[in-house]
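The structure appears below as structure tokens.
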Amino acid sequence: MYPQIFSAAKDVDRAFLIILGFSVFILVVVTIAMLWFLWRYNVKRSPVAADIRGNFWAEVIWTVLPTIIVLGLFWTGWSSFKAMRTIPDGAMEVLVEGRMWSWKFTYANGKTSQELYAPVDTPLRLKLSSRDVIHSFYVPAMRVKWDLVPGMDTEVWIQSDTVGEYDIFCAEYCGLKHADMITLLKVLPAEDFQAWLDGSAETEGDEILRGLALMEEYGCFDCHTMDGTDDVAPPLNGIAGKERLIILPDGAKRTIKADSHYIKTSIMDPGAELVDGWDDEMPPYEGDLSDEDANVIVNYLLGKDESGKPFKALEHPGLHFAKVEGCLKCHTTDGTTTGRAPSFKGLYGSTITVRKDNKEKMLTADEEYIRQSIKHSTKWVAEGYVDSMPPYDDLNEETIEGLISFIKSLGGKD
Ligand SMILES: [Cu+2]
């Protein structure tokens, strides 16, 4: 059995052991009685069956005794159930969203993650909801299993007295990749948890997302793309190590390699090292962007985390959204198909056949169609697929824009 790390779960184990122990005891008693009757009332030993009618005490015993036993078993179950269902006041709230086929955890400060982080010795109130079909939130180490039913808000609570990592499963068959709905409950010391929540201790994915979020916040993508195409400014993907011909304020030209110093100067004081061929249009971010945030962006553009460890080469910002929102559980980005959903590659601008009820029509996958498909406000379903995509109508505009531009960057069929 998993270790006992949750006080309320200890009662569950106790109820389980009492009921199991009692069942084994009854099994043994009944088996012994049966064997004894076989031997004692064998036709050789008692050729004539006794005809017994009515026995007050026997009837009292077989009515009262089982009633007591059943009530006792009920009590052990009930008391553990009550402990699991009584959520302590002031428990930390986390929203748990189940969707085909991943989990999303949202904390009070708006931070989201795909693994459930929790501080040790702190009760968590988990508010469960489902985006699409019925899922079941199952944490064996907590002895907690509760259904997520679309349209119905439910909650459970957990608390761990030990730091560690524990499995989380979906325990309700929810379609093809149901088995992929595995993630971790990561119980951290309180300070580490706070640091994680405030975003200063980073995992690879978070670091990428922070750089990305900052760039979005400061409007960098209004002028720069991340997919190699020119906008009013040079694209920023793959900038690390690129040779740049720059113009210094005195008009002199120089060729340099884009390192962290250059990138930071380009952000804080763009006029100081202007890229040849581009206008001096970028606003200086000196004084606006804090030094720390600027470093996060620089690292993001260099493809390194804070400690200088490289993370996978810079990708299109929308790809991160696609990963975080779970789109890639069903869609691929390389033109292959999982059979579950059309690939994003080559989707943009392609002609596709969609159907609704028995009607069928051809249309071009333009921006608007992609946007509606994501929000799921069309009930038109791509030919050859079933309508298994969950609606994403609560994504914010930036995320949707990012997803659309990512799908566009993967090109059209023509
Ligand atoms: Cu599920």
(message) Along the Cα→Cβ direction, 7 angstrom out, place labels at T112 and D13. What is the inter-label distance in nm?
(response) 3.6
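How large is the Kirkwood hydrodynamic radius of the range 233-353, in angstrom, based on all distinct alpha carbon pairs? It would help to have the intermediate numbers written out before the result.
Values: mean 1/r = 0.0588 Å⁻¹.
Evaluated on the range 233-353, it is 17.0 Å.
Add +1 for every Lys or Arg and -1 for every Asp or Glu among the other residues with Cβ under 9 Å from the Cβ of T255, and state the total.
On the way: positive: R244, K253, R254, K257; negative: E243.
Net local charge, T255 excluded: +3.
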(message) To test your reading of the geometry: what angle, between 0 and 90 degrees and rounded to tens, separates the Cα axis of helix 56-85 from the longest principal axis of the chain?
(response) 10
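Where the convex hull is taken over the Cα atoms of the range 204-302, what is its projected area averaged over directions, in nm²? Intermediate values should be presented prior to the final figure.
Details: hull surface 24.3 nm².
That works out to 6.1 nm².
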(request) Please identify, among T31, T76, T337, the residue showing maximal mean-square fluctuation in a Gaussian network model of the chain using a 10 angstrom Cα cutoff. (result) T31
(request) Mind scanning K264/K329; K82/K127; K145/K375 and naming the pairs with a C-alpha gap bigger than 26 Å? (result) K264/K329; K145/K375
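Counting only helical runs of four or more DSSP H residues, what would the 222 nm mean residue ellipticity of the chain come to if each run contributes -39,500 (n - 2.57) and the total is spread over all its residues? Intermediate values should be presented prior to the final figure.
On the way: 9 runs with 138 residues, N = 414.
Value at 222 nm, helices only: -11000 deg cm²/dmol.
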(message) Running a GNM on the chain with Cα contacts under 10 Å, which residue among Y300, Y41, Y369 ends up with the highest mean-square fluctuation?
(response) Y41
(request) Provide Rg and Dmax in Å for the chain, with only Cα atoms included in the calculation. (result) 31.2, 123
(message) Under the rule of at least 5 residues apart or a separate chain, name every residue whose amide H is placed under 5 Å from the amide H of L148.
(response) H135, S136, F137
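With N residues in the range 317-409, what two-decimal value do you get for its Cα radius of gyration over 2.2 N^0.38 Å?
Details: Rg = 12.4 Å, N = 93, 2.2 N^0.38 = 12.3 Å.
Here the answer is 1.01, to two decimals.
Please report I134, I267 as a ranked list, fewest other C-beta atoms within 10 angstrom at the top and most at the bottom.
On the way: I134 15, I267 23.
Ordered from fewest to most neighbouring Cβ atoms within 10 Å, I134, I267 come out as I134, I267.
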(request) Calculate the length of the line joining the C-alpha centroid of the range 98-119 to that of the range 36-65, in whole Å. (result) 62
(message) With +1 on the Cβ of every Lys and Arg and -1 on the Cβ of every Asp and Glu, and nothing else charged, how large is the dipole of the range 92-198 about its Cα centre, in debye rounded to the nearest 20?
(response) 300
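Given the Cα-Cα distance of T353 and T162 and 0.36 nm per residue of separation, how much length would full extension add, in nm? Provide the component values of the computation, followed by the final result.
On the way: separation 191, 0.36 × 191 = 68.76 nm, distance 5.41 nm.
Contour length minus the Cα-Cα distance gives 63.4 nm.
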(request) Could you tell me what percent of the DSSP beta bridges with both partners in the chain are antiparallel, to the nearest 5? (result) 75
(request) Treat each spin label as a single point 7 Å out from the Cα along the C-beta direction, and report the V43 to Q194 distance in nm. (result) 8.3
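When the Kirkwood hydrodynamic radius is evaluated over all pairs of different C-alpha atoms of the range 226-277, what value in angstrom, to one decimal, is obtained? Let's see the in-between values first.
On the way: mean 1/r = 0.0878 Å⁻¹.
By the Kirkwood definition, the hydrodynamic radius is 11.4 Å.
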(message) Helix 291-302 against the longest principal axis of the chain: what's the angle in degrees, Cα atoms only, rounded to the nearest 10?
(response) 90
(request) Please give the helix 397-409 orientation as an angle from the longest Cα principal axis of the chain, in degrees from 0 to 90, rounded to the nearest 10. (result) 70
(message) With only alpha-carbon pairs counted, each pair once and no self-pairs, how large is the Kirkwood hydrodynamic radius of the range 7-85 in angstroms?
(response) 15.7
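Read the figures in this text as sums done on the coordinates, not as results from a lab. Quick caveat, the model's predicted, so the values are computed rather than measured. Note that we place each Cβ from the backbone using ideal geometry, even for glycine, and neighbour counts take in every protein chain shown.
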